[in-house]
Amino acid sequence: MSRIGKKLIPLPAGVKYKVEGNTVVVEGPKGKVTALIAEGITLETVDGVLHVNRESDKYAAFHGLTRALVYNAVHGVTEGWKKELDIVGIGYRAELKGKGTVVFTLGYSHQIEFPLPTGIEVAIDPKQLHLAISGIDRQKVGQVAADMRSLRKPDPYKNKGVRYSDEKLKKKAGKTGAK
């Protein structure tokens, strides 16, 4: 039995789910998220708790995956997901342009305009060095954060660039110099 698949998913008040074919639609106070359900996996509610069951051991590989996807959807529509990025470097910054675009100044000869997908919100601190990306779909939030980080990855020698707030970097030593 899958350890993750056996975990129960608490259904908070106001959260409903509906299985449609091989997808589940989870609705809650923040919105609606869909998640895929693998073949041979069923969902059932018992006493306000969601159980993820599989038909046989043939579907063991997808048991934990399906439970994790459904849990992410339930958590997203109740509390939401959030990723935080820091911008490090002299002259590096980010600013909001309208509601759907973030403009980055990252040391290139031009500014980079990053359009935000629907359902994703970005909050930038007044110093323009800290971004908080939030939304109800965990995969979309993580992908947007990864795409923003890839605009200027942290440099291993000077540690300048865009990084996750909780990311630990190892700084490399430069050349020791010629004699």
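The values are calculated or read from the model by the stated rules, or taken from the named source; none is laboratory data. Bear in mind the structure is a predicted one, so any value in this text is a computation, not a measurement. Neighbour counts are summed over all protein chains in view; Cβ atoms, including those assigned to glycine, are modelled from backbone coordinates with ideal geometry.
Would you say TYR71 is surrounded by 13 or more Cβ atoms within 10 Å (Cβ to Cβ), farther than 27 Å from ASP147 by Cα and not aliphatic (A, V, I, L, M)? Lay out the reasoning, then the answer.
On the way: surrounded by 13 or more Cβ atoms within 10 Å (Cβ to Cβ): yes; farther than 27 Å from ASP147 by Cα: no; not aliphatic (A, V, I, L, M): yes.
Judged against the criteria, TYR71 is not a match.
Results for (1) aliphatic (A, V, I, L, M); (2) in the same structural domain as LEU69 (by TED's automatic domain parsing); (3) in contact with a strand residue (DSSP E or B) (Cβ under 6 Å, 6 or more places away or on another chain); (4) in contact (Cβ under 8 Å) with a residue 12 or more places away in the chain, shown as yes or no for each residue.
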site	(1), (2), (3), (4)
GLY142	no, no, no, yes
ALA145	yes, no, yes, yes
ARG149	no, no, yes, yes
ARG152	no, no, yes, yes
ASP155	no, no, yes, no
LYS160	no, no, yes, yes
LEU169	yes, no, no, yes
ALA173	yes, no, no, no
THR176	no, no, no, no
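If I filter the stretch 122-163 down to residues being assigned to a helix (DSSP H, G or I) and either in contact with a His (Cβ under 7 Å, 6 or more places away or on another chain) or of a type in the set (A, V, I, L, M, F, W, C) (or both), which single residue comes out as surrounded by the fewest Cβ atoms within 10 Å (Cβ to Cβ)?
At the first step, the residues of the stretch 122-163 found to be assigned to a helix (DSSP H, G or I) are 138-149.
When the remaining residues are screened for being either in contact with a His (Cβ under 7 Å, 6 or more places away or on another chain) or of a type in the set (A, V, I, L, M, F, W, C) (or both), the result is 141, 144-146, 148.
Details: VAL141: 22, VAL144: 24, ALA145: 22, ALA146: 12, MET148: 22.
Among those residues, the one meeting the criterion is ALA146.
Tell me whether the stretch 46-54 contains one or more residues that are part of a helix (DSSP H, G or I) and either crowded, with 16+ Cβ neighbours inside 10 Å or assigned by TED's automatic domain parsing to the domain that holds VAL19 (or both).
Quick first cut of the stretch 46-54, residues part of a helix (DSSP H, G or I) only: none.
No, the stretch 46-54 has no match at all.
In this structure, is ALA35 closer than 30 Å to LYS153 by Cα, of a type in the set (Gly, Ala, Ser) and either at pLDDT below 95 or loosely packed, with under 14 Cβ neighbours inside 10 Å (or both)? So that I can check it myself, show each step before the final result.
Working: closer than 30 Å to LYS153 by Cα: no; of a type in the set (Gly, Ala, Ser): yes; either at pLDDT below 95 or loosely packed, with under 14 Cβ neighbours inside 10 Å (or both): yes.
So ALA35 does not fit the description; no.
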